[in-house]
Ligand SMILES: Cc1cc2nc3c(=O)[nH]c(=O)nc-3n(C[C@H](O)[C@H](O)[C@H](O)COP(=O)(O)OP(=O)(O)OC[C@H]3O[C@@H](n4cnc5c(N)ncnc54)[C@H](O)[C@@H]3O)c2cc1C
């Protein structure tokens, strides 16, 4: 039922008939879960969103016409973003205004544009709004009911749980004992962080796995044996899972943290085919997981694979939850961030020093001076993302230019952004703080001069390495731990190769063990290539299974 506290959808159009018609169609589909608010001008829309935000009411979507007296649609969406940064923003325009709409998408001010007329709404309106609202909901933290996480925002264990819940797309409310008296009362006498379920059950400082079973994530396999077992649920693993299961293979995917992998931590992936306005990593993960589940893939998480052995045609995985046997094994374990080699950084990890985008921390960055270390696309995306929340963002780059390692569209946006500063040839050599990060020491690599700067947030993106030691000698790896496949296998890697045929393109030195994505030797390190390899590898899985 419609409820005054339901999240809002704000519609903007200066033509009363159009406004009435779009409100009717939007209300028909979404009226039970959202409040639909009509506004007749950009100014009125901005004012409405400001008032909603000040009252703490959630704004899910703003859908605006472009050509209006007063401020136009693009400017309206820009101003709305200042009050409700998480709200989805879309334009509903006449054909003549599509250039403005595309420009708004390119500048990151709009998520999508739709054309008038939107008939029939089932084809021309609802699919897009369904997607935008599902994406918004995935990050929505209702202020009441639901799962509550009580803790201190600087605790590393609290960060771990927030990250785990967000990346597994489980809505929760975070109650900060530093700022909230009711949180302190709830936490009295308990070991923090404390999780309180909707039924009132209290879990003190739980491990991710304990929390997983409470929130209904599956950790035990249903079967003893699978045609295809996949280790790692990033884009490569999810693609293998979708292709494998859709082609009839009994498929299990084992993920140690949350499906989505590195891509799941990205604020916006802009170069993935079919999503002209980009999509967030969380959205990609959510779509991949629901597609895989629809085809019957068993997803086990959080479950880590710790070892593997080959026994004739069988591959047996040793996991933190027992053994899983299969005929074909897909390794899609990606890469992990390299740690910052700065004094004091390790002790402050999760308490101000974060690896990767740590999207859950974005809200905490409001009014803070944030530092981002690194010069790759992921660092660039993160700087732009945090600049939506923080007072200012400084990028610390070891090299002499951003362009050497970052896509030009990101370089252009960073250079044009008034709240982002880039310090080339600078590096972090130390991190200080008792309970949480308070200072960083930054060294100028040319002069050698160091200075200490106050900050609470340091996000590190300094390259990545695979974690494949658990594979032991089962498959051939290169000196950095990436797994060799097909033509990249050297003669000495194939000493024990038992078959007449050569290894397939994405097959390792062990028959029936395949690799896809970033963990492969000489891989491209892109979402699309990981998805492509994950899909292609399944064709070789079929050939392997047919030969057994
Ligand atoms: C912040 C950020 C932004 C990015 N932006 C873009 C972009 O805009 N465009 C683009 O094309 N690429 C982008 N990338 C790169 C892209 O995300 C990666 O190339 C892609 O995710 C690789 O996919 P993958 O499946 O091979 O590995 P990953 O995404 O790394 O996934 C591997 C998964 O395996 C799991 N795993 C590892 N070991 C085990 C184990 N032993 N047991 C169980 N599970 C295990 C991990 O937890 C992880 O979930 C970005 C990366 C980052 C970090």
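Every number here is computed from the coordinates shown, using simple stated rules; none is lab data. Small disclaimer: the values here were computed from a predicted structure and weren't measured. Positions of Cβ are backbone-derived with ideal geometry, glycine not excepted, and every protein chain shown enters the neighbour counts.
Residue 343 to residue 469: FRET efficiency via 1/(1 + (r/R0)^6), r the Cβ-Cβ distance, R0 22 Å, to the nearest 0.05?
Plugging the Cβ-Cβ distance into 1/(1 + (r/R0)^6) gives 0.25.
Any idea what the relative contact order of region 269-355 is, in percent, if you count C-alpha pairs under 8 Å spaced at least 6 apart?
Reported as a whole number, the value is 12 percent.
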Applying the gyration tensor rule to the Cα atoms of the chain (axes a ≥ b ≥ c; rounded if a/c under 1.5, else prolate if a/b exceeds b/c, else oblate), the class is prolate
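Restricting to Cα pairs below 8 Å that are 6+ residues apart, what does the relative contact order work out to for region 8-138? Please round to a whole percent.
Values: 219 pairs, mean separation 28.8, N = 131.
Here the relative contact order equals 22 percent.
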Approximate spin-label separation residue 318-residue 435, in nm, with each point projected 7 Å along Cα-to-Cβ: 4.2 nm
Distance from region 40-99 to region 237-251 (C-alpha centre basis), Å: 41 Å
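Classify region 114-262 as rounded, prolate or oblate from the Cα gyration tensor: take a ≥ b ≥ c as the square roots of its eigenvalues, call it rounded if a/c is under 1.5, otherwise prolate when a/b beats b/c and oblate if not. Numbers along the way, then the final one.
Details: a/c = 2.70, a/b = 1.28, b/c = 2.10.
Judged from the Cα gyration tensor, region 114-262 comes out oblate (a/c at least 1.5, b/c at or above a/b).
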So for region 422-543, considering every pair of alpha-carbon atoms, how many percent are separated by more than 23 Å? 51 percent
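Cα-based Rg of region 346-464 per 2.2 N^0.38 Å, rounded to two decimals? List each step's numbers first, then the result.
On the way: Rg = 13.2 Å, N = 119, 2.2 N^0.38 = 13.5 Å.
Here the Cα radius of gyration is 0.98 times the empirical estimate.
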Report the extension gain between residue 210 and residue 452 in nm, rounded to one decimal, defined as 0.36 nm multiplied by the number of residues separating them, less their alpha carbon distance. 83.1 nm
Set the Förster radius R0 to 35 Å, insert the Cβ-Cβ distance between residue 363 and residue 124 as r into 1/(1 + (r/R0)^6), and round the FRET efficiency to 0.05. 0.55
Share of Cα-Cα pairs in region 25-91 lying beyond 17 Å, as whole percent: 37 percent
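Among 273, 238, 458, which comes first, second and so on when ranked by fewest other beta-carbon atoms within 10 Å?
Ranked by crowding around the Cβ, least crowded first: 273, 458, 238.
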If R0 = 30 Å, then residue 548 and residue 490, at their Cβ-Cβ distance, give a FRET efficiency to the nearest 0.05 of 0.70
Region 147-214, relative contact order [Cα under 8 Å, separation at least 6], %: 38 percent
Inter-site label distance for residue 304 and residue 500 at 7 Å from Cα along Cβ, in nm: 4.4 nm
Using only DSSP helix segments of four residues or longer, with each worth -39500 (n - 2.57), what per-residue ellipticity at 222 nm results for the chain after dividing by its residue count and rounding to 500? -9000 deg cm²/dmol
Roughly how many whole Å is it from the C-alpha centroid of region 428-501 to that of region 359-384? 20 Å
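Which of rounded, prolate, oblate describes region 8-138, given a ≥ b ≥ c as roots of the alpha-carbon gyration tensor eigenvalues and a/c under 1.5 marking rounded, otherwise prolate only if a/b is larger than b/c? Each step should come with its number before you reach the end.
Working: a/c = 1.25, a/b = 1.05, b/c = 1.19.
Cα axes put region 8-138 in the rounded bin.
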Most exposed first by the Cβ proxy, i.e. fewest other Cβ within 10 Å, how do 255, 346 rank? 346, 255
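Give me 228, 384 ranked fewest to most by other Cβ atoms within 10 Å of their Cβ, as a rough exposure proxy.
Numbers: 228 29, 384 20.
So the ranking, lowest neighbour count to highest, is 384, 228.
Provide the convex hull volume over Cα atoms per residue for region 253-297, in Å³. Write down the numbers at each step before the final one.
Numbers: hull volume 3.2 nm³, N = 45.
Value for region 253-297: 72 Å³ per residue.
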Could you give the length gained by full extension between residue 424 and residue 180, i.e. 0.36 nm per residue of separation minus their alpha carbon distance, to one decimal place? 83.8 nm
